[in-house]
Amino acid sequence: MMTEAQRYLFDLTGYLHLEGALGESDLSEARAAAERYIQTPPEDLPLDFGSRDGRIYDNGFAFDKSLERLIFQPSYWPIVKEFTSGKPRFVRGSMLVNQAGGVVDAGSLHCARESYGWQSTRYECRDGRIYCDDFVIFTYLTDVNPGDGGLVVVPGSHKCNFDRPDAIFNGGDLGDDAPPGTINVTPRAGDAVIISELLTHGTLRWKPTDRRRIVLVLRYAPQYNGGGPWTTDTLKTRLSPETNELMALASYTEIKDVARRDVVTLTV
Ligand SMILES: O=C(O)CCC(=O)C(=O)O
């Protein structure tokens, strides 16, 4: 179950900053694996892995078991189950890297409603529970300090009923500072930030020249949504049965075995 405070805050703002979502050993193993992925020369990477722009690392969650485990992290697994009414699907995942002194472009404000239309995505509350059919968990493997840059959100915009006027938030173009009315979220390594894709969000330029920002980007939906399949046969063979089950499309009525469990441990 989500806590009352988590439910209240997510409903109010459209995002949730979970401090200390990962334990110390989970964090250090995941961080080491992420560094290995980044350091591996492209020609030595297995099929399904690589980065076209040095920013998005394909299938980051699948590079190592310490990363794959984070799909089921106990601190946010109850939230994944609540948002999908007990019918979760892990859709796909990548690893987002802002290189130190490297690719520093900011990412403009966007959300599913603005990109795909209001019909595309639902956010509703029924029977004291939240339903959200397209959401992302950003799991932070490195620190973000105030002033560094990174994620910007427009709190409450997941429930917005009007188009965003060009006259506000600098027309959505983000540079070095969060425009008034937006919030720059600055998580520590081991924190997670959960957002509805209906939340208007973007990225400030990454300023540090001596530190990377490394974030696992985990995308979830109810099991009958999310398109795909996004896995290839080679990727499937790398993944544990629990992950393959969670990634599978399923009917409105089926209850997946993994979804019955409070704690999911990868068996291989
Ligand atoms: O850079 C970030 O933290 C946000 C990335 C983003 O906007 C996205 O994945 O849609």
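The values are calculated or read from the model by the stated rules, or taken from the named source; none is laboratory data. This one's a predicted model, so the numbers in the text were calculated from it and none came from an experiment. Using ideal geometry, Cβ is built from the backbone for each residue, glycine included, and neighbour counts are taken over all protein chains shown.
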If I filter the range 148-167 for residues that are touching a Pro at 6+ places or on another chain (Cβ under 9 Å) and among the polar types (S, T, N, Q), do I get at least one hit? no
Among the residues of the range 194-213, is any closer than 29 Å to Glu29 by Cα, in contact (Cβ under 8 Å) with a residue 12 or more places away in the chain and among the acidic types (Asp, Glu)? yes
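Would you check which residues across the range 222-251 are β-branched (Val, Ile, Thr), part of a loop (DSSP other than H, G, I, E, B) and closer than 20 Å to Arg69 by Cβ and list them?
From the range 222-251, those β-branched (Val, Ile, Thr) are 231-232, 234, 237, 243; that's our starting set.
In the following step, the residues that additionally are part of a loop (DSSP other than H, G, I, E, B) were identified as 231-232.
Selection gives Thr231 alone.
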Within the range 60-95, residues being part of a loop (DSSP other than H, G, I, E, B) and in contact with a Pro (Cβ under 9 Å, 6 or more places away or on another chain) number 4
If you go through the range 96-121, how many residues are modelled with pLDDT of 95 or more and in a loop (DSSP other than H, G, I, E, B)? 3
Name every residue in the range 1-59 that is out of contact with any strand residue (DSSP E or B) (no Cβ under 6 Å at 6 or more places or on another chain), aliphatic (A, V, I, L, M), closer than 30 Å to Lys159 by Cβ and assigned to a loop (DSSP other than H, G, I, E, B), in order of residue number. Met1, Met2, Leu22
What are the residues in the range 157-171 that are loosely packed, with under 15 Cβ neighbours inside 10 Å and part of a loop (DSSP other than H, G, I, E, B), if any? Asn161, Phe162, Asp163, Pro165, Asp166, Ala167, Ile168
Those residues of the range 95-136 which are without any contact (Cβ under 8 Å) to a residue 40 or more places away in the chain and within 20 Å of the chain's Cα centre (by Cα) amount to Ser115, Tyr116, Ser120, Arg122, Glu124
Within the range 119-130, does at least one residue satisfy the condition of being closer than 23 Å to Asp191 by Cα, of a type outside the set (Val, Ile, Thr) and either within 13 Å of the ligand (Cβ to nearest atom) or surrounded by fewer than 18 Cβ atoms within 10 Å (Cβ to Cβ) (or both)? no
Considering residues that are over 30 Å from Thr243 (Cβ atoms), away from the ligand (no atom under 11 Å from the Cβ), out of contact with any Asp or Glu (no Cβ under 8 Å at 6 or more places or on another chain) and assigned to a loop (DSSP other than H, G, I, E, B), the number found within the range 173-221 is 11
Residue under question is Leu151, and the condition is that it be in a strand (DSSP E or B), within 11 Å of the ligand (Cβ to nearest atom) and within 13 Å of the chain's Cα centre (by Cα); does it hold? yes
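Are any of the residues in the range 98-108 of a type in the set (A, V, I, L, M) and surrounded by 19 or more Cβ atoms within 10 Å (Cβ to Cβ)?
Applying the first criterion (of a type in the set (A, V, I, L, M)) to the range 98-108 yields 100, 103-104, 106.
Imposing the further condition that a residue be surrounded by 19 or more Cβ atoms within 10 Å (Cβ to Cβ) reduces the set to none.
No; the residues of the range 98-108 include none that is of a type in the set (A, V, I, L, M) and surrounded by 19 or more Cβ atoms within 10 Å (Cβ to Cβ).
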